[in-house]
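Colleague: I have a structure I would like to understand better, so I am pasting it below and will then ask my questions one at a time.
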Amino acid sequence: MLGSFAVLRKQSLLGDAISHAALPGIAIAFLITGAKDSNTLLLGALVSGLIGTFWIRGIITKTHLKSDTALGLILSLFFGFGMLLLTFIQKQPNANQAGLDKYLFGQAATLVESDVWLMAIVTGICLLVMLIFWKEFKMLLFDADYTKTLGFNTKFIDILITSFIVLAIVLGLQTVGVVLMSAMLLAPAAAARQWTNSLSIMVFLAALFGAFSGVFGTAISASQNNLSTGPVIVLVAAVFVVFSFVFSPSRGLLFKQIRFIKNRRDLQLHKTLAFMYNIAKTHEDITHPHTIKILNNFQGYTRGTLQKLVDKNYVILQGNMWSLTEEGFITASNLYNQLTKGDE
Amino acid sequence: MSSAQIEIQLIASLVAIACAIPGTFLVLRKMAMISDAISHSILPGIVVGFFITQDLNSPLLIFLAALTGIITVVLVEYIQKTGLVKEDTAIGLVFPALFSIGVILIAKNANDVHLDVDAVLLGELAFAPFDRLLISGVDVGPKSLWVIGIILIITIGLLLAFFKELKVSTFDKGLAASLGFSPAIIHYGLMSVSSVTTVGAFDAVGAILVVALMIAPAATAYLLTTDLKKMLGLAIGFGVFSAIAGYWVAHWLDASIAGSITTVLGLLFLVVYLFAPSKGVIAVLYREKQQRTEVSLLTFLLHLRNHSEENERHVNHLNEHINWQKVRSKTVLELALKNNMIVINNDIVSLTKKGTLFTTQAIDYIITNEDSQIEGMKDDFFLFRG
């Protein structure tokens, strides 16, 4: 859901960066509390994820480094720092530390009921906030300057969206793990983008795709042993994306190709028609018949295209002769006019 | 220092140099995230290579992994070319999918071998010296030292051979193409080098550290200089420094070497980010403040020039009329006084000759829209900057 905003804001890789940046937060939270309570750990992850996000933004606005560099930088630096802390923790005499690295790769099966409730509640809050601030989010997304001139506090809205993205990522970490979280954020949104141009439908579709890939992925991974849940979910989501890329009616590759071929055929048809028009022009009677042979010198001509012209009632065929009809002549001359107009 | 310690530091330094060179170009070409994608997506290549050879040390593994790295780049570019999604989304879609395939392959088929995800992602430099390379029974040094050494030599060789081409195509693609270099070949060459470096380095230091070593030194160097050669040199210097410093931090904390090298890199970047002479945050903030005061000064002088009435030129009037806070108007007044642009008699401000001249010229520049000239003018007139 929130992924839609990330994709449209061109911050797709932010998810990746945040999910890595959350690691030191988890480790620090553990170091401070010394307990493996998932709530405090999530809080730590949230805080360090937010710090990472705002540092990224600081780098982009204050220096000439580009966003990709900033992302990669924060991602690897935070993660490395997190690793340092994790290995440091491992050396500590604390029996609780085992399983902390589960956060790295995630394991949906280890979730307990309270975690699920927490997720449900946070999802509910996300939905609510999104409904309340729908208009503001949408406007900021597509025209930030306009929003500012209308007097909205863009900074606040911006921080709100970012915080919720971070929150969603941190929660998802437990399920699919650091590496695959970015795919969970992106894939449904990218798939949904192909089907619609409307934001509300896109958000809805993304949620649907996400839920489906979650359900299917879990089902597949449960049906076979030794399959971890996270990667399967991601692969299912990837299948959705590929499917959408190829088959979406307006943007998909398949239909684009079909449209391309169709356009080319139309063009050839027009070429033939224009050629005929130029011949017919030289005669007083436009319906004067000519042999098909003279068309053979011409590239656009095939028996098929000629037949199509007949179907459209532009041309009449009589044995080896063809002649333009009244209608065909008018269409052709209009075509010619349009072309010259286009040239001007 | 034992010989193992020296070897670890040597390996880390070599990796740092090998990463810094392609990293610099990746950062300049705005493709830094590609290195992250490559480092994740080489996993399936390694797994498949392992199935074929059943040997973790085979060179085929490196070759296949590098191949997957290049496949990643090609896939990302293909998706991007369809125009359906933006480049960053394309990257974000491709590498988790490939990584998932790798994870699943491992989980299904290779559970019993030493090829777990942790090792791939994180690496363990501390064990590198134990993996010796034996040539006809003679111990010639750690294996990863040789691997990374060879990669480094190749990288440096390529860099020297194609430095001019790389430079031109990085900064001006059009010029490079018109001069007859194929940008595509250089692009894929760079990508191949990055893939091979990532693969060669990963089993010594792990994927994440590779990314950090590629991006962080280059980014840090970029903040300090705009000269490509200096940037390369600085990046290598930062890389080696943090490799060695990181090792000792890890030694002292008894923690992961890869992690502590990254942390040192992070600290280095933070320091440079804050204090870099012309591009650091503090320098930028200072310059912004300076410019704000100077713009205020100009506004103030214009106001004085437009009003000859005494009540408009009263010191206290500033606060009401231009709506400035007390502190601000005080700074502006002091700056103007210091620069001999105004005189104050009985709290009435008036322009000096110099002030009038400055204001007139400033108006000229503003009207002709040549804002850039104002800086030079400021140098001529200002004794003290804001």
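Colleague: Provide a single number: the residues in the stretch B:139-177 that are modelled with pLDDT of 80 or more, under 26 Å from B:Ile8 (Cα atoms) and among the polar types (S, T, N, Q).
Modeller: Summing the residues that are modelled with pLDDT of 80 or more, under 26 Å from B:Ile8 (Cα atoms) and among the polar types (S, T, N, Q) in the stretch B:139-177 gives 1.
Colleague: Separate question: Which pairs turn up if I take residues in the stretch A:198-227 that are free of Cβ contacts under 8 Å to residues at least 24 places away in the same chain and look for partners that are aliphatic (A, V, I, L, M) and not in a helix (DSSP H, G or I) with beta carbon separation below 9 Å, at least 6 apart in sequence or on another chain?
Modeller: A:Phe204/A:Met1; A:Ile220/A:Leu227; A:Ser221/A:Leu227
Colleague: Could you list, in sequence order, the residues of the stretch B:174-203 that are small (Gly, Ala, Ser) and not in a helix (DSSP H, G or I)?
Modeller: Here is the first cut: in the stretch B:174-203, the residues small (Gly, Ala, Ser) are B:174, B:176-178, B:180, B:182, B:184, B:189, B:192, B:194-195, B:200-201.
Within the stretch B:174-203, B:Gly180, B:Ser182 qualify.
Colleague: So in the stretch B:1-20, with the set limited to residues that are among the β-branched types (Val, Ile, Thr) and surrounded by fewer than 24 Cβ atoms within 10 Å (Cβ to Cβ), which one is farthest from B:Ser192 (Cα to Cα)? Break it down into steps so the answer makes sense when it comes.
Modeller: Taking the stretch B:1-20 as the starting set, the residues that turn out to be among the β-branched types (Val, Ile, Thr) are B:6, B:8, B:11, B:15, B:17.
In the following step, the residues that additionally are surrounded by fewer than 24 Cβ atoms within 10 Å (Cβ to Cβ) were identified as B:6, B:17.
Values: B:Ile6: 30, B:Ile17: 17 Å.
Applying the filter and picking the extreme gives B:Ile6.
Colleague: Run B:Val249 past the list (1) at pLDDT 80 or above; (2) surrounded by 18 or more Cβ atoms within 10 Å (Cβ to Cβ); (3) in the same structural domain as B:Gly355 (by TED's automatic domain parsing) and report the number of the one that doesn't hold.
Modeller: (3)
Colleague: Check the stretch B:43-55 and report whether any residue there is under 26 Å from the mean Cα position of the chain (by Cα) and either modelled with pLDDT of 75 or more or in a helix (DSSP H, G or I) (or both).
Modeller: Our first condition is that a residue be under 26 Å from the mean Cα position of the chain (by Cα); within the stretch B:43-55, this holds for B:43.
Still in the running and either modelled with pLDDT of 75 or more or in a helix (DSSP H, G or I) (or both): B:43.
Yes, some residue in the stretch B:43-55 is under 26 Å from the mean Cα position of the chain (by Cα) and either modelled with pLDDT of 75 or more or in a helix (DSSP H, G or I) (or both).
Colleague: Consider A:Thr229 carefully, then state whether it is modelled with pLDDT under 75, in the same structural domain as A:Ile18 (by TED's automatic domain parsing), buried (at least 16 other Cβ atoms within 10 Å of the Cβ) and closer than 20 Å to A:Ser19 by Cα. Reasoning before the result, please.
Modeller: On the way: modelled with pLDDT under 75: yes; in the same structural domain as A:Ile18 (by TED's automatic domain parsing): yes; buried (at least 16 other Cβ atoms within 10 Å of the Cβ): yes; closer than 20 Å to A:Ser19 by Cα: yes.
In short, yes.
Colleague: Shifting gears a bit: So is A:Ile74 over 25 Å from the mean Cα position of the chain (by Cα) and in contact (Cβ under 8 Å) with a residue 12 or more places away in the chain or not? Spell out the reasoning first.
Modeller: Details: over 25 Å from the mean Cα position of the chain (by Cα): no; in contact (Cβ under 8 Å) with a residue 12 or more places away in the chain: yes.
Taking the combined requirement at face value, the residue does not satisfy it.
Colleague: Among the numbered criteria (1) within 12 Å of chain A (Cβ to nearest Cβ); (2) surrounded by fewer than 24 Cβ atoms within 10 Å (Cβ to Cβ); (3) β-branched (Val, Ile, Thr), which one does B:Ile244 miss?
Modeller: The number of the failed condition is (1).
Colleague: Go through the stretch B:254-364 and tell me which helices (runs of 4 or more DSSP H), entirely inside it, have 2 or more residues that are under 30 Å from B:Ala4 (Cβ atoms), in the same structural domain as B:Ser13 (by TED's automatic domain parsing) and at pLDDT 75 or above. Steps first, please.
Modeller: Details: elements: B:257-275, B:281-306, B:315-321, B:326-338.
So the answer is B:257-275.
Colleague: Any residue at all in the stretch B:150-157 that is within 14 Å of another protein chain (Cβ to nearest Cβ) and of a type in the set (A, V, I, L, M)? Give the derivation first.
Modeller: If we filter the stretch B:150-157 for residues that are within 14 Å of another protein chain (Cβ to nearest Cβ), which is where we start, we get none.
The answer is no, given that none of the residues of the stretch B:150-157 is within 14 Å of another protein chain (Cβ to nearest Cβ) and of a type in the set (A, V, I, L, M).
Colleague: Give me the residue from the stretch B:272-311 that is away from chain A (no Cβ under 14 Å) and β-branched (Val, Ile, Thr) and, out of that set, farthest from the chain's Cα centre (by Cα). Quick ask: steps written out before the conclusion?
Modeller: We begin by selecting, within the stretch B:272-311, every residue away from chain A (no Cβ under 14 Å); these are B:290-311.
With β-branched (Val, Ile, Thr) added as a condition, the list becomes B:293, B:295, B:299.
Details: B:Thr293: 31, B:Val295: 32, B:Thr299: 38 Å.
Across the stretch B:272-311, the extreme among qualifying residues is B:Thr299.
Colleague: Find the residue count for the stretch B:74-108, including only residues that are more than 7 Å from every other protein chain (Cβ to nearest Cβ), assigned to a helix (DSSP H, G or I) and of a type outside the set (A, V, I, L, M).
Modeller: Of the residues in the stretch B:74-108, 7 are more than 7 Å from every other protein chain (Cβ to nearest Cβ), assigned to a helix (DSSP H, G or I) and of a type outside the set (A, V, I, L, M).
Colleague: Return yes when A:Leu65 is assigned to a helix (DSSP H, G or I) and at pLDDT 75 or above and no when it is not. Give the steps one after another, and end with the answer.
Modeller: Details: assigned to a helix (DSSP H, G or I): no; at pLDDT 75 or above: yes.
So A:Leu65 does not fit the description; no.
The values are calculated or read from the model by the stated rules, or taken from the named source; none is laboratory data. The shown structure was predicted, so the numbers you read here are calculated from the model rather than taken from an experiment. Please note: Cβ atoms are built from the backbone with ideal geometry, for glycine as well, and neighbour counts cover all protein chains shown.
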